[in-house]
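Worksheet: the structure to be examined is printed underneath.
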């Protein structure tokens, strides 16, 4: 997975939601179904804490971006009581080599790890996340995935596992 350059045209109706860092963000109210968790809900705040990131956005906010933005997918989450998962992304425009060493290489290795993780290749995924940590020891999402991979290496998920992490609280 590489850093994504996303350019989208502006949307019409918007409402303000709260991001993980407390700032407000604008997103279209028309695109997300009523049952879909969006950035104003606690899922984004909970996920930001759990994944050790500062700025997370949902896939719905990603669709509404109107400027070029550096993103990396952090997780697919299913909220307790919901069926459809939501992809969450880390906004990375505010990061630099000083604050996130080896950003391009680290994000690429991390993306490989996510792909392998979802393919149930947990040993190979773990190796990619460890390689990411070698480039940037402070990358908490990689550390989280190392732990998940180790768990699934010892206790494989059921055959119908879909790669989605289910949040047990909102």
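Based on the Cβ-Cβ distance of residue 161 and residue 67, what FRET efficiency does E = 1/(1 + (r/R0)^6) give at R0 = 25 Å, to the nearest 0.05?
Using R0 = 25 Å, I get an efficiency of 0.10.
Here the label points at residue 80 and residue 140, each 7 Å from Cα along the C-beta direction, are separated by 2.1 nm in the simple model.
This ranking places 103, 57, 74 by how few other beta-carbon atoms lie within 10 Å of each, fewest first, which gives 103, 74, 57. In the P(r) worked out for the stretch 104-158, what percent of Cα pairs fall beyond 18 Å? Tail fraction, whole percent: 22.
Could you calculate the FRET efficiency of residue 120 with residue 94 from 1/(1 + (r/R0)^6), where r is the beta carbon distance between them and R0 is 35 Å, rounded to 0.05? So, using R0 = 35 Å, E works out to roughly 0.55.
Panel order for 129, 122, 100, by other beta carbons found within 10 Å of each beta carbon, from fewest to most: 100, 122, 129.
No lab work stands behind these numbers, since they all come straight from the coordinates. The structure displayed is predicted, hence computed values, not measured ones. So basically every Cβ, Gly included, is an ideal-geometry build from the backbone, and we count neighbours across all protein chains shown.
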